[in-house]
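The values are calculated or read from the model by the stated rules, or taken from the named source; none is laboratory data. All values derive from a computational prediction rather than experimental measurement. Heads up, the Cβs are rebuilt from the backbone with ideal geometry, glycines too, and the neighbour counts pull from every protein chain shown. All accessible areas refer to the heavy atoms of the entire protein, side chains included, with ligands and DNA or RNA removed. Shrake-Rupley method; radii C 1.70, N 1.55, O 1.52, S 1.80 Å.
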Amino acid sequence: NTTDPPVAVETLDDVPEHVLRGLPEDVRLFPSAVDKTRLGVWATKSILKGKKFGPFVGDKKKRSQV
């Protein structure tokens, strides 16, 4: 009789405040459509191709770290 360990689910409480403050207008964090245990970035309205966001606030990470 084996049971899987509980899976940690990422919540908004796990997101640093500076990240939440730095989200562009009309962009929100909701459960990911790809991995339900993680948060994903969702647009609340269409974003035009070429739209630029910034400035970047936070720590830069290598692809292998995310």
>> Under 9 Å between Cβ atoms, which residue pairs at least 6 apart in sequence (or on different chains) link something in segment 47-66 that is closer than 19 Å to LEU20 by Cβ with a partner that is outside any loop (DSSP other than H, G, I, E, B)?
In response: ILE47/VAL27; PHE53/VAL27; VAL57/HIS18; VAL57/VAL19; VAL57/ARG21; GLY58/HIS18; GLY58/VAL19
> Of the residues that sit in segment 37-58 and are within 12 Å of the chain's Cα centre (by Cα) and not polar (S, T, N, Q), which one is farthest from VAL7 (Cα to Cα)?
Replying inline: ALA43
> Do you know which residues across segment 13-36 are part of a helix (DSSP H, G or I) and under 11 Å from the mean Cα position of the chain (by Cα)?
Replying inline: ASP14, VAL19, LEU20
> Restricting the search to segment 1-38, which residues are surrounded by 11 or more Cβ atoms within 10 Å (Cβ to Cβ) and β-branched (Val, Ile, Thr)?
Replying inline: VAL9, VAL15, VAL19, VAL27
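Quick one: in segment 39-61, which of the residues that are among the aliphatic types (A, V, I, L, M) and part of a loop (DSSP other than H, G, I, E, B) is most open to solvent (accessible area, probe 1.4 Å)?
The residue in question is LEU48.
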